[in-house]
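**Q** Take a look at the following structure, please.
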Amino acid sequence: MVKPESVGLSSARLARLDQVMKARYVDAGELPGLITMVYRQGKLAHTGICGHADLERRTPLAEDAIFRIYSMSKPITAVALMMLVEEGLIGLDDNVDTYIPSWKKLGVYASGVPTLLANAPPSFITTRPDRPMKVIDLATHTSGLTYGFMMRTSVDAAYRKAKINDFQTPGGLDTFIDQLSSVPLDFSPGTAWNYSVSIDVMGYLVQKLSGLTFGEFLRTRLFEPLGMTDTAFFCPPEKIDRFTTCYQPKKGGGLDVQDDGQKSTYARPPALESGGGGLVSTAHDYMRFSRMMLHGGTLDGVQILSPKTVQLFSLNHLPGKRELADMAPPGLFSEAGYSGIGFSIGCGVNTNVAKTRLPGTLGEYFWGGAAATAFWIDPKEELAVVFMTQVMGSDARLTLRRDLRTLVYSAMTQSLAG
């Protein structure tokens, strides 16, 4: 780690970052602990650690702690897909049903509800989509797919009844695709933005086209080459002592255990390897992934993607370059605010700094996880930030990301972006 001043950052202001995050979130009982890593101009400039990996056992949080990263799995899956795009095996403009023939007759929900009878098929009336679903629709969450936890529509309810995307689904990704073939789309592809299982479908495509299980592809083609030794779809027994406990807010304040790190279901391989939310990782590993992207697809002599492919992650691929605010239903769950934000390939992207009302840079891309983890990559400022913690369902999730972003950018003493 280098002196922050050597890469245009202030040591005093980075110390303030740690102080504010500790006082506002850890000492206040909002988070059990946190790790913040700041990398700039080719150097790790700051690592801040405070709090606990397990409050009940009083286990201090360590730099090598392993976290459930949930939706921070999505950018990793997006990179895996783009590796196959570079090999000519698939294209972003391809129809999805080219690779999933059972989806050729997939309709758009018009009316009907899932039956309450346990073994009865859902009864839906559907219409034909305006156009076929494209691979880019999966990458940008404009596919017409959804998540069961949205609790918005009859399609969401059908997902919940069928337990679509359950990590213990027998048959894994193959069964998952079969399940989706029997449920209509929530909307015609390209007409709306809806957070969804789309990235999990991308994981299935990687598995099908590579001839490897999705987990094996990630391990052999991405994690091992990049030295991401602690990133996987489960935490093996020999590492379980480093696995954090996940919490949830307690009524009246404080935190309750949501998943005990020493007794977790993550201690065994899942049946379904979820590219949308199933990975565990460390701050160090995720920073290596971020550094690879920041350096144009190459890290320590290992090339994963070309610089031109990486540049696509800084572009807004939503139809008509619209923003999430224009395309997402009101009140829809997201790992980001909507104003000034577009969507690239598995990530949000900053398209209008003024609209976000936060310091930032056009083209920076980012995302977060359900347990309040977060990262962003700012190519113009040569900056990458990784934030790890472990609380599900926190009302402070988006606020702490706002504070993190504000405090990191406030620590800059020089801007490379102008």
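Read-outs throughout are calculated quantities, based only on the coordinates presented, and are distinct from any laboratory measurement. Here the structure is a predicted model, which means the values were calculated and not measured. Using ideal geometry, Cβ is built from the backbone for each residue, glycine included, and neighbour counts are taken over all protein chains shown.
**Q** Hey, could you get me the Stokes-Einstein D for segment 1-105, Kirkwood radius over alpha-carbon pairs, 37 °C and 0.692 mPa s, rounded to whole µm² s⁻¹?
**A** In µm²/s, the coefficient rounds to 187.
**Q** Please check: in the Gaussian network model of the chain (C-alpha springs, under 10 Å), which one of 18, 395, 156 has the largest mean-square fluctuation.
**A** The residue that fluctuates most here is 395.
**Q** Can you tell me the alpha carbon radius of gyration of segment 157-296 divided by the globular rule-of-thumb value 2.2 N^0.38 Å?
**A** In units of the 2.2 N^0.38 Å rule of thumb, it is 1.19.
**Q** Across 10 Å bins from 0, what is the distribution of all Cα-Cα pair distances for the chain, in whole percents?
**A** For the chain, the binned pair fractions read 5, 23, 33, 27, 11, 2, 0 percent.
**Q** Next question, about the same structure. What per residue convex hull volume, in Å³, comes out for segment 40-179 when only alpha-carbon positions are used?
**A** Dividing the Cα hull volume of segment 40-179 by its residue count gives 209 Å³.
**Q** Can you tell me which of 294, 272, 89 moves the most in a GNM of the chain? Springs connect C-alpha atoms under 10 Å apart.
**A** Result: 89 has the largest fluctuation of those listed.
**Q** Quick one: plug the Kirkwood hydrodynamic radius of segment 281-418 (C-alpha pairs) into Stokes-Einstein at 20 °C, 1.002 mPa s, and report D in µm²/s.
**A** Using the Kirkwood radius from Cα pairs, D works out to 138 µm²/s.
**Q** Mind jotting down the distance between the C-alpha centroids of segment 291-338 and segment 8-37, whole Å?
**A** 26
**Q** Running Debye on segment 138-213 with equal point scatterers at the Cα sites and no solvent, what base-10 log of I(q)/I(0) appears at q = 0.20 Å⁻¹?
**A** Reported log10 I(q)/I(0), two decimals: -0.85.
**Q** Next question. Cβ neighbours within 10 Å, averaged per peptide: list 4-15, 360-371 in order, most packed at the top.
**A** Listed from highest to lowest mean packing, they are 360-371, 4-15.
**Q** I need the Kirkwood Rh of segment 104-235: take the reciprocal of the average 1/r across all distinct C-alpha pairs and report it in angstrom.
**A** Hydrodynamic radius (Kirkwood, Cα pairs) of segment 104-235 is 15.9 Å.
**Q** Anyone know which of 212, 31, 61 comes out most mobile in the 10 Å Cα GNM of the chain?
**A** Taking springs between Cα atoms under 10 Å, the residue moving most is 212.
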